[in-house]
Amino acid sequence: MVGLAAQKDFPIFSHLIHGHPLVYLDSGASAQKPRCVLEAMTRFYETDYANIHRGVHELSQRATARYDEGRRAVQRFLNAAHDDEIVFTSGATEALNLVAASWGRTFLNAGDEIILTQLEHHANIVPWQLLRDQVGFTLRIAPLQPNGDVLLDDVTALINEKTKLVSVAHVSNALGTVLPVEAIIAAAHERGIPVLIDGSQAVSHGAVDVQKLDADFYVFSGHKIYGPTGIGVLYGKRALLATMPPYQGGGDMIESVTFEKTTYQAPPLRFEAGTPPIAEVVGLTAALAYVTGIGMEAIAAHEAALLAYGTKKLAALEGVRLVGTAPHKASILSFVVEGVHPHDVGTILDQQGLAIRAGHHCAQPAMEALGLMATVRASLGLYNTREDLDALVDGLKKVREIFS
Ligand code: PLP
């Protein structure tokens, strides 16, 4: 079930916001949680909880089994070839930092180049800059078109003998642009260059198959796919993860420790130092079961229809300009209202129970390329309806009235 019927699965929709029914159009920042996720985590804490891996007792074994089951659930969800290609992190941000700190520090040298695009989230820019400042490689940036698109040719034109990595978003969080990642990966692989895909805004909107994409790394956060905060995923091809040194040291990631020499576990445990987010893995497992139960194709079709509807409505609204109108988009409507600061738009809409986001969306280079400081962003989830978009349009009319 999607749309209004799905709202029954989400307790948050039974609460009023400023006396109005909630119209939640901020799933791109974080999605709401279905009852099954909340219950799975509560039940786990109430009946099966203990620390994992280190215990011989019943609860520790049960918790370990749930954690391992979560890894297999993510493997199935991404269609990864092996469950040991799934590393649990605290989120997409940590997954990106992990690749930069471990793979990047090992394989990138002064004079090398890595390719990003102008629409990347800061999480796929700053970790590379931090490393660049220490190592001395160069960031090459594929430009954004005025309509928010990134062209395959503009990415491939940057590939040369110095290129060591291409790291790009699957879907832009600021504009909703879907990048031609399959073709980018194929072009990079022709030159033997690995590709990292930031799937943070993609996984909740349609099926992702990392083997079909042939992605070398793929990252996402649990909280954007109806799971809890504090859990994320790094998918990495087995052969690549095997070449990477530990990223953090601590418990659980070692085979043996002496003061003279420490040896490490194989991936993925090598990258999961310390007590991991155990209940969050249980929550993510429930979230993935929930979305796959509905069907990723059904979710994608529902959101595509809503996006088309919302795009038409907003385009017809006087004084509203859509930002990001690339031909291939997913679930995000970014726009500006003539003469009104996006934060004022957000505040007025909030008073009517509408949750949207206003700002640079952690994509300042994209905003700058488009000559903007900020936009208003309505982002869709499986529970949204046409009525939500009608409410947005009514809210924007009020904004215009107030500022006229
Ligand atoms: N990448 C993209 C495209 C995003 O939209 C986000 C979050 O908005 C991130 C990375 C970072 O995700 P998180 O803050 O959950 O680590």
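A few comments on the model shown:
- Where only DSSP H runs of four or more residues are counted, the chain gives -11000 deg cm²/dmol as its mean residue ellipticity at 222 nm, each run worth -39500 (n - 2.57).
- Burial ranking of peptide ranges 359-372, 308-321 (average Cβ count within 10 Å, highest at the top): 359-372, 308-321
- Between helix 126-135 and the chain there is an angle of about 40 degrees, using the helix long axis and the longest principal axis of the Cα atoms.
- Computed from backbone phi, the HN-Hα couplings of region 47-54 come to 10, 10, 6, 6, 5, 9, 6, 9 Hz, rounded to whole numbers (Karplus: 6.51 cos²θ - 1.76 cosθ + 1.60, θ = phi - 60°; Gly and Pro given as x).
- 3J(HN,Hα) along region 285-295: 4, 5, 5, 5, 5, 5, 5, 6, x, 6, x Hz, from the Karplus curve 6.51 cos²θ - 1.76 cosθ + 1.60 with θ = phi - 60°, whole Hz, x for Gly and Pro.
- The Cα center of region 309-330 and the Cα center of region 153-216 differ in position by 25 Å.
- Leading residue at positive end of dipole, region 104-187 (Cβ point charges), from 169, 146, 157: 169
- For residue 138, the amide hydrogen comes within under 5 Å of the amide hydrogens of 111, 112, 113, 114, counting only partners 5 or more places away or on other chains and with H modelled in the peptide plane.
- Helix axis angle, 296-315 relative to the chain longest principal axis, alpha carbon, degrees: 40 degrees
- From most to least packed by mean Cβ count within 10 Å, the peptides 23-36, 68-81 give 23-36, 68-81.
- Rounded tilt (10° steps) of 58-78 against the dominant C-alpha axis of the chain: 60 degrees
- Charge dipole (Cα centre; +1 on Lys/Arg Cβ, -1 on Asp/Glu Cβ; no other charges) of the chain amounts to roughly 200 debye.
- Selection from 288, 122, 240 lying farthest towards where the dipole of region 38-293 points positive, charges on Cβ: 240
- P(r) histogram, all alpha-carbon pairs of the chain included - 20 Å bins from 0, percent: 27, 55, 17, 0
- Short-range pairs are left out: with C-alpha atoms under 8 Å and at least six residues apart, the relative contact order of the chain is 24 percent.
- Amide H contacts of residue 117 (H built 1.01 Å from N, under 5 Å, at least 5 apart or other chain): 142, 169
- For residue 370, residues with placed amide H under 5 Å, excluding near neighbours: none
No lab work stands behind these numbers, since they all come straight from the coordinates. Fair warning: this is a prediction, and the values are worked out from it, not measured in the lab. For neighbour counting, all protein chains shown are included, and Cβ atoms are generated from backbone atoms with ideal geometry for every residue, glycine included.
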